[in-house]
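**Student:** Before I ask anything, let me first share the structure, which is written out below as structure tokens.
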Amino acid sequence: MSTGTAEAAEAGEHRISQPPQTLKEFFSYMGPAWVFTASQIGGGEALSVPVGGAYLGMRAIWLIPLITFTKIFGQYFLVRYGVMSGDTFLDALYRQPKWLKWIFYYVFLGGLVYAIGLSGHLGETAGAAQTLVPVGSIGALNGTGFWMIVTVLAGLAVVLMRSYSLIEKLSTTLLWVFLTLIAAVSLLTADQWAGGLAQGLIPSVPGYVDGLGVGGMAFVATMFGWIGAGFGPTVSYVWFAKDKVMGMFEPKANGTEISKKDLTDEEIKRLKGWGDMVLWQNMISSVILAVFSFFMWTAAAATLHGTEIVESGELGGFEVIPQMAVIFTSVYGEWSAGIFLLSVMAALFSTLIGPLYGMSRLWEDAFAMHGLFEKFDVTRDTVFRLTVVLFAAIPLGLNLVFEAPLFLFALSGILFAPAVGLMYLAALYMSYTDIDQPGLVPERKWAVALALFAAIALIATAAYDVYPTLMGLFG
């Protein structure tokens with residue numbers, strides 16, 4: 001292992017590369033943000049946002065800008081911590097005192113809770129596939145079950161290749177197919193929702209949403225958990241940034257020993273540049289999430305709100321996405337249902353491959369910290385593959401047994417919202433205490449304030465109505 005010194009750096013051998021200097025270079029590093037955005041829109045946004053618009057109309061649309069433009073700063077400090085320190089927040093949490101270290105295990109177990117929520121993505125992808133290509137029962141397995149197995153196998157095939165570039169390219173492509181189509185519908189139906197926009201932007205507690213099985217503050221907690229920067233995509237983003245060897249991840253990837261106290265002025269300047277790039281990555285992702293969440297909500301409010309299927313509370317089960325095809329057919333005609341189903345399936349599938357990769361990397365690193373690979377004859381690659389299969393098997397098994405994808409989706413959102421909030425608080429705390437270089441601690445107080453608000457809101461909204469909601473969900 002080579003050792004980097006300040007003298008060598010002063011001589012021109014800087015251990016940290018220059019951050020992108022041109023727009024072309026900047027966008028070459030946007031891959032982690034595209035993967036995050038694809039995973040997030042294909043997850044929380046593609047399910048909870050249209051269901052919210054369908055049941056509530058324009059009421060509660062105020063949640064979209066509030067959530068997307070605050071949670072993103074919590075994620076920013078999570079990723080920034082890694083870029084400034086060369087350690088993921090999970091690595092750092094494990095080294096903290098016991099009063100803070102417990103969050104490490106909460107985040108670790110949060111992967112299981114998030115996997116429960118993937119039941120919604122998997123179930124609705126399979127339901128859409130069954131509508132497009134109906135398959136009869138195969139023994140005890142119905143057509144939807146068949147398509148769930150096919151979807152899981154396809155996701156495993158992509159993730160187990162462990163190819164970052166493949167996931168990045170595939171997620172980016174799937175993202176834009178869906179977003180372009182849904183934006184057109186929203187704009188073409190603007191005359192039907194524009195009148196209620198001003199009232200909808202005034203904060204109010206929303207009513208009950210049959211499709212998700214929650215209402216009031218529980219609906220707010222579900223939305224805080226799933227839209228904006230969610231648990232799975234956020235965790236994945238941290239590991240994708242590491243794979244892109246940004247900032248302090250670079251010398252560690254090169255096997256160079258480096259101390260933050262040993263950094264030269266030029267290297268500090270470069271690290272701050274990488275931190276700024278992470279901020280802009282997150283800001284761009286936030287705008288995309290806000291704009292297209294708005295498009296999805298308004299399109300559903302214009303085409304589904306007040307319709308018979310919504311008023312009867314039947315917008316649920318594995319048929320939510322096929323039922324939501326009205327969003328397209330009411331504008332373009334019946335022929336467009338296939339396009340809608342294919343685009344939403346693409347978006348939902350993109351949310352499976354990103355978090356499956358990121359959550360499995362999280363568990364792989366967690367097992368390494370506990371000495372698994374030294375104590376037993378097992379490789380990191382084997383553990384990665386086993387955890388990928390585990391996180392895919394959980395939603396598949398739950399869907400086959402309970403057949404309640406959106407119930408599991410809402411339950412997961414309520415349960416892991418506090419974990420995301422605690423991650424934000426821990427990242428902020430460590431950004432001031434662990435990065436022992438004054439030039440690298442957070443300087444934007446407004447960004448810190450927004451991240452704190454997001455963290456407190458995530459914890460408070462979930463705690464406010466969790467117990468009665470869980471009792472109601474379980475009957």
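The values are calculated or read from the model by the stated rules, or taken from the named source; none is laboratory data. Since this is a predicted model, take the numbers as computed values, not measurements. As a convention, Cβ positions derive from the backbone with ideal geometry for all residues, glycine included, and neighbour counts pool all protein chains shown.
**Student:** Based on this model, can you work out whether Ala404 counts as surrounded by fewer than 20 Cβ atoms within 10 Å (Cβ to Cβ), closer than 30 Å to Ser137 by Cα and aliphatic (A, V, I, L, M)? Spell out the reasoning first.
**Tutor:** Working: surrounded by fewer than 20 Cβ atoms within 10 Å (Cβ to Cβ): no; closer than 30 Å to Ser137 by Cα: yes; aliphatic (A, V, I, L, M): yes.
In short, no.
**Student:** Something else: Please go through region 369-384 and give me each residue that is of a type in the set (Phe, Trp, Tyr) and either in a helix (DSSP H, G or I) or in contact (Cβ under 8 Å) with a residue 60 or more places away in the chain (or both), ordered by number.
**Tutor:** Within region 369-384, the first condition is being of a type in the set (Phe, Trp, Tyr), and the residues that meet it are 373, 376, 384.
Once the filter is applied, which keeps residues that are of a type in the set (Phe, Trp, Tyr) and either in a helix (DSSP H, G or I) or in contact (Cβ under 8 Å) with a residue 60 or more places away in the chain (or both), region 369-384 yields Phe373, Phe384.
**Student:** On to the next question. Please go through region 296-331 and pick out each residue that is without any contact (Cβ under 8 Å) to a residue 12 or more places away in the chain and assigned to a helix (DSSP H, G or I).
**Tutor:** Across region 296-331, the qualifying residues are Glu308, Glu311, Thr329.
**Student:** Name the pairs: first residue in region 255-283 and within 20 Å of Lys71 (Cβ to Cβ), second residue part of a helix (DSSP H, G or I) and charged (D, E, K, R), Cβ to Cβ under 6 Å, at least 6 apart or on different chains?
**Tutor:** Gly275/Arg80; Val278/Arg80
**Student:** Go through region 331-350 residue by residue and tally those that are under 24 Å from the mean Cα position of the chain (by Cα) and among the β-branched types (Val, Ile, Thr).
**Tutor:** Filtering region 331-350 for residues under 24 Å from the mean Cα position of the chain (by Cα) gives 340-350.
Next cut, among the β-branched types (Val, Ile, Thr) only: 344.
So the count comes out to 1.
**Student:** Select from region 296-336 the residues that are out of contact with any helix residue (DSSP H, G or I) (no Cβ under 9 Å at 6 or more places or on another chain) and of a type in the set (D, E, K, R) and write down the one among them that is modelled with the lowest pLDDT.
**Tutor:** Of everything passing the filter in region 296-336, Glu311 is modelled with the lowest pLDDT.
**Student:** Exactly one condition in (1) farther than 19 Å from Pro418 by Cα; (2) of a type outside the set (Phe, Trp, Tyr); (3) touching a residue at least 24 places away in the same chain (Cβ under 8 Å); (4) surrounded by fewer than 22 Cβ atoms within 10 Å (Cβ to Cβ) is not met by Ile138; state its number.
**Tutor:** (3)
**Student:** Sticking with this structure for a sec: Could you check Gly472 against (1) at pLDDT 80 or above; (2) more than 21 Å from the chain's Cα centre (by Cα) and say which number it fails?
**Tutor:** All conditions are met except number (1).
**Student:** Give me the pairs, please: first residue somewhere in region 410-434 and free of Cβ contacts under 8 Å to residues at least 12 places away in the same chain, second residue anywhere and outside any helix (DSSP H, G or I), beta-carbon distance under 6 Å, and either six or more positions apart or on two chains.
**Tutor:** Note: pairs meeting the criteria are Tyr432/Val441.
**Student:** Search region 260-295 for residues being assigned to a helix (DSSP H, G or I) and hydroxyl-bearing (Ser, Thr, Tyr), and hand back the single one that is modelled with the highest pLDDT. Step through it out loud before you land on a result.
**Tutor:** First, the residues of region 260-295 that are assigned to a helix (DSSP H, G or I): 260-262, 265-295.
Next cut, hydroxyl-bearing (Ser, Thr, Tyr) only: 285-286, 293.
Values: Ser285: 79, Ser286: 83, Ser293: 89.
Filtering region 260-295 for residues that are assigned to a helix (DSSP H, G or I) and hydroxyl-bearing (Ser, Thr, Tyr), the one modelled with the highest pLDDT comes out as Ser293.
**Student:** Then there is this: For region 374-386, name all the residues that are of a type in the set (Phe, Trp, Tyr) and touching a helix residue (DSSP H, G or I) at 6+ places or on another chain (Cβ under 6 Å).
**Tutor:** Applying the first criterion (of a type in the set (Phe, Trp, Tyr)) to region 374-386 yields 376, 384.
Once the filter is applied, which keeps residues that are of a type in the set (Phe, Trp, Tyr) and touching a helix residue (DSSP H, G or I) at 6+ places or on another chain (Cβ under 6 Å), region 374-386 yields only Phe384.
**Student:** Follow-up. At least 3 residues that are more than 30 Å from Trp193 (Cα to Cα) in each: list the helices (runs of 4 or more DSSP H) lying fully within region 45-114 that qualify. Give the steps one after another, and end with the answer.
**Tutor:** Numbers: elements: 46-56, 63-85, 89-94.
By residue number, 63-85, 89-94.
**Student:** A further question follows. Look through region 394-453, keep the residues that are part of a helix (DSSP H, G or I) and of a type in the set (Val, Ile, Thr), and return whichever of them is modelled with the lowest pLDDT. Let's see the steps before the verdict.
**Tutor:** Filtering region 394-453 for residues part of a helix (DSSP H, G or I) gives 394-402, 405-433, 438-440, 445-453.
From what is left, the residues that are of a type in the set (Val, Ile, Thr) are 394, 401, 414, 420, 433, 448.
On the way: Ile394: 91, Val401: 87, Ile414: 76, Val420: 84, Thr433: 87, Val448: 94.
Here the answer is Ile414.
**Student:** What about Met248, is it at pLDDT 80 or above and within 15 Å of Leu78 (Cα to Cα)? Talk me through it step by step, then tell me what you get.
**Tutor:** On the way: at pLDDT 80 or above: yes; within 15 Å of Leu78 (Cα to Cα): yes.
So Met248 fits the description; yes.
**Student:** Any idea which residue in region 30-66 is farthest from Ser312 (Cα to Cα), counting only those that are at pLDDT below 90 and among the β-branched types (Val, Ile, Thr)?
**Tutor:** My answer is Val35.
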